[in-house]
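A.B. asks: Below are the structure tokens for one structure; questions will follow.
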Amino acid sequence: MPLTLVPTPIGNLEDITLRALRVLQKADIIACEDTRTSSILLRHYDITAPGGLVPFHLHNENRCLPRLLDALREGKYVAVISDAGTPGISDPGWILLRRALDEGLEADVLPGPSAVLPAVLLSGLTPHPFLFYGFPPEKPGERAKLFQSLAEFPWTLCFYVSPHKAARQIGEMTEALGDRRAALVREISKVHQEAVRGRLSDILARVEAGLKGEMVLAVEGCSSEATADGSGGGWQAEADELRDAGKTVRETVREIIARYPVAKNAVKEYLMRDQGRLGNFSL
């Protein structure tokens, strides 16, 4: 195929397929995120592209895209790789693929390494179905809107997280989703691979204590108890009991989110929905 997206190892250099190596050896041009990172892999397998390595990342995609498309139109073989894993996920590889398909150019995507599936399985959470989002939005308002929109999804949620942003984002998830079961899987396929499992609050504590490396966060979906209506059991019934026992809204919310994977705001809304019914229920 003139254009092929080629997955590369996410840690151990042995995690690459024979077919991927064959495509890279045949390529006229290899487009990559970082030439320094990709050179390590290519040198290891003694691969040199006649047209060289072409930097192709989120900051130069508009400048580099025409060159790669021209090469494809000329019938040259272009391989696209990322720093690690399958290109096209959280990098501009998919933009080139889409443009090539729009023009009727031949294209292919090889199967291979990806951090998402190992992380979901290692989390111990339900692997099917799961929702993969990628990196959460950079803007706080957009993140808050996203997390709130996912609060009642019953599926396992999977995110990429950056080490220097993990504490803030996991704290925001806990606020929006409740203190659910989760797992932070880091450094997959590397020497220091680790799966930190527990509640989001447990993982937040570990992150704040200091964790580095590439990270994937898997979070438990909303349980049926968390989405049940107020007429049944689950957290709503317990919230009513706490109210009747004289607990304040703040105290009730704190106890409910500690026991159930429910969003803090959802509990607040339930408690404040009917002021008449709640009587003198204090804040």
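A.B. asks: Can you find a residue in segment 90-97 that is in the same structural domain as L157 (by TED's automatic domain parsing) and among the acidic types (D, E)?
C.D. replies: No, every residue in segment 90-97 fails to be in the same structural domain as L157 (by TED's automatic domain parsing) and among the acidic types (D, E).
A.B. asks: Specify the residue that is modelled with the lowest pLDDT; the eligible residues are those in segment 229-260 that are under 24 Å from G198 (Cα atoms) and assigned to a loop (DSSP other than H, G, I, E, B).
C.D. replies: G234
A.B. asks: While we're looking at this one, here's another question. Just checking, how many residues over segment 180-192 are of a type outside the set (S, T, Y) and either touching a helix residue (DSSP H, G or I) at 6+ places or on another chain (Cβ under 9 Å) or not in a loop (DSSP other than H, G, I, E, B) (or both)?
C.D. replies: Matching residues across segment 180-192 total 8.
A.B. asks: Still on this structure, please answer the following. Kindly indicate the residue of segment 73-103 that is part of a helix (DSSP H, G or I) and among the basic types (K, R) and also nearest to K26 (Cα to Cα) among those meeting that condition.
C.D. replies: Per the criteria, the residue is R73.
A.B. asks: Based on what the data block shows, is R22 under 17 Å from P113 (Cβ atoms), free of Cβ contacts under 8 Å to residues at least 40 places away in the same chain, not hydrophobic (A, V, I, L, M, F, W, C) and not assigned by TED's automatic domain parsing to the domain that holds F135? If you could, list the steps in order and put the result at the bottom.
C.D. replies: Values: under 17 Å from P113 (Cβ atoms): yes; free of Cβ contacts under 8 Å to residues at least 40 places away in the same chain: yes; not hydrophobic (A, V, I, L, M, F, W, C): yes; not assigned by TED's automatic domain parsing to the domain that holds F135: yes.
Spelling it out, R22 is indeed under 17 Å from P113 (Cβ atoms), free of Cβ contacts under 8 Å to residues at least 40 places away in the same chain, not hydrophobic (A, V, I, L, M, F, W, C) and not assigned by TED's automatic domain parsing to the domain that holds F135.
A.B. asks: Kindly establish whether A31 is among the small types (G, A, S) and either in a loop (DSSP other than H, G, I, E, B) or touching a Phe, Trp or Tyr at 6+ places or on another chain (Cβ under 7 Å) (or both).
C.D. replies: Values: among the small types (G, A, S): yes; either in a loop (DSSP other than H, G, I, E, B) or touching a Phe, Trp or Tyr at 6+ places or on another chain (Cβ under 7 Å) (or both): yes.
It is true that A31 is among the small types (G, A, S) and either in a loop (DSSP other than H, G, I, E, B) or touching a Phe, Trp or Tyr at 6+ places or on another chain (Cβ under 7 Å) (or both).
Let's see how each residue does on (1) modelled with pLDDT of 95 or more; (2) in contact with a Pro (Cβ under 8 Å, 6 or more places away or on another chain); (3) more than 24 Å from L217 (Cα to Cα):
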| position | (1), (2), (3) |
| --- | --- |
| S38 | no, no, yes |
| V80 | yes, yes, yes |
| V109 | yes, no, yes |
| A115 | no, no, no |
| A119 | yes, no, no |
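A.B. asks: Follow-up. May I ask you to list the residues in segment 121-152 that are in contact with a strand residue (DSSP E or B) (Cβ under 7 Å, 6 or more places away or on another chain) and either assigned to a helix (DSSP H, G or I) or within 17 Å of L200 (Cβ to Cβ) (or both)?
C.D. replies: L122, S123, G124, L125, T126, F130, L131, Y133, P136, L150
A.B. asks: Just for segment 25-53: of the residues that are of a type in the set (S, T, Y) and under 24 Å from the mean Cα position of the chain (by Cα), which one is nearest to G112 (Cα to Cα)?
C.D. replies: Per the stated criteria, the residue is S38.
A.B. asks: Residue by residue through segment 128-143, note down the ones that are out of contact with any Phe, Trp or Tyr (no Cβ under 6 Å at 6 or more places or on another chain), of a type outside the set (D, E, K, R) and exposed (fewer than 15 other Cβ atoms within 10 Å of the Cβ).
C.D. replies: H128, P140, G141
A.B. asks: To continue, here is another question. Would you tally the residues in segment 7-28 being part of a loop (DSSP other than H, G, I, E, B), surrounded by 14 or more Cβ atoms within 10 Å (Cβ to Cβ) and not hydrophobic (A, V, I, L, M, F, W, C)?
C.D. replies: Adding up the residues that qualify gives 6.
The values are calculated or read from the model by the stated rules, or taken from the named source; none is laboratory data. Worth saying up front: this structure is predicted, and the values here are computed from it rather than measured. For neighbour counting, all protein chains shown are included, and Cβ atoms are generated from backbone atoms with ideal geometry for every residue, glycine included.
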